[in-house]
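Engineer: Dropping the structure in here first, questions after.
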Amino acid sequence: NARGAEEVYKNINKKELRNDKFTCNILMHAYAKQGDTVGAESVLERMEANHVEPSVVTYNTLMQAYAKSRDSRGAETVLKRMQKAGIKPTEFTCCSLMVAYASRGEMEGAERVLQRMEKIGVKPDQVTYSSLMHAYVSR
């Protein structure tokens, strides 16, 4: 749970150990699993404040938080921020974005993500198409 992970994170700081990308991503994952975008964003803010460079995993985890909370606009914003940071989206990034649209019943948005993938340098794979199929079945 996020509360327990947050306590461990605080203990790392108390012991004057460095919270690295790995520990920050785990903490963010705890928030993402709950769809807590505020908590996930707060981890990213702390990373930036402590000069811990976000990775593709960081942004994908943040994307998951927005997908879980059914916030397609927020998920799109994460994609833009990721690209602005010079981090290349992955198939996982795009699948999470499709889930954000599909969870709101916005299948046209999910289809547009598929169409945009190659334009942003991501080749759709079997998982991508399976994710889109699952989105249709889950409607």
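The values are calculated or read from the model by the stated rules, or taken from the named source; none is laboratory data. The shown structure was predicted, so the numbers you read here are calculated from the model rather than taken from an experiment. Glycine gets a Cβ as well: all are built from the backbone with ideal geometry, and neighbour counts include every protein chain shown. Keep in mind that these areas ignore ligands, DNA and RNA; they rest on the heavy atoms of the full protein, side chains included. Shrake-Rupley method; radii C 1.70, N 1.55, O 1.52, S 1.80 Å.
Engineer: Over every pair of different alpha-carbon atoms in the chain, take the mean of 1/r and invert it; report that Kirkwood radius in Å. Walk me through the intermediate numbers first.
Structural biologist: Working: mean 1/r = 0.0651 Å⁻¹.
One decimal place: 15.4 Å for the Kirkwood radius.
Engineer: Please report, as a whole percent, how much of the solvent-accessible surface of the range 28-100 comes from carbon and sulfur atoms (probe radius 1.4 Å).
Structural biologist: Details: 1790 of 3440 Å².
C and S fraction of accessible area: 52 percent.
Engineer: Once you charge only the Cβ atoms, +1 for Lys and Arg and -1 for Asp and Glu, what is the size of the charge dipole of the chain about its Cα centre, to the nearest 20 debye?
Structural biologist: So the dipole magnitude of the chain works out to roughly 60 debye.
Engineer: Cα-based count: Lys pairs in the chain below 27 Å, eight or more positions apart or different chains?
Structural biologist: Taking the chain as the scope, the lysine pair count is 27.
Engineer: For the chain, what is the accessible area per residue in Å², given a 1.4 Å probe and the full set of protein chains?
Structural biologist: Numbers: 8140 Å² over 139 residues.
Here the residues of the chain average 59 Å² of exposed surface.
Engineer: Pull out the extension gain between LYS119 and ASP20, defined as 0.36 nm times the separation in residues minus the alpha carbon to alpha carbon distance; nm, one decimal. Mind dumping the intermediate values first?
Structural biologist: On the way: separation 99, 0.36 × 99 = 35.64 nm, distance 3.24 nm.
32.4 nm is the gain from fully extending LYS119 to ASP20.
Engineer: When the dipole is taken about the Cα centre of the range 92-139, and only Lys, Arg (+1) and Asp, Glu (-1) are charged at their Cβ, what size is it in debye, to the nearest 20? Mind dumping the intermediate values first?
Structural biologist: Working: 6 positive and 5 negative charges, 14 e Å.
Dipole size: approximately 60 debye.
Engineer: Label ASN1 and SER130 with points 7 Å out from Cα along Cα→Cβ: what is the distance between them in nm?
Structural biologist: For ASN1 paired with SER130, the spin-label model returns 3.3 nm.
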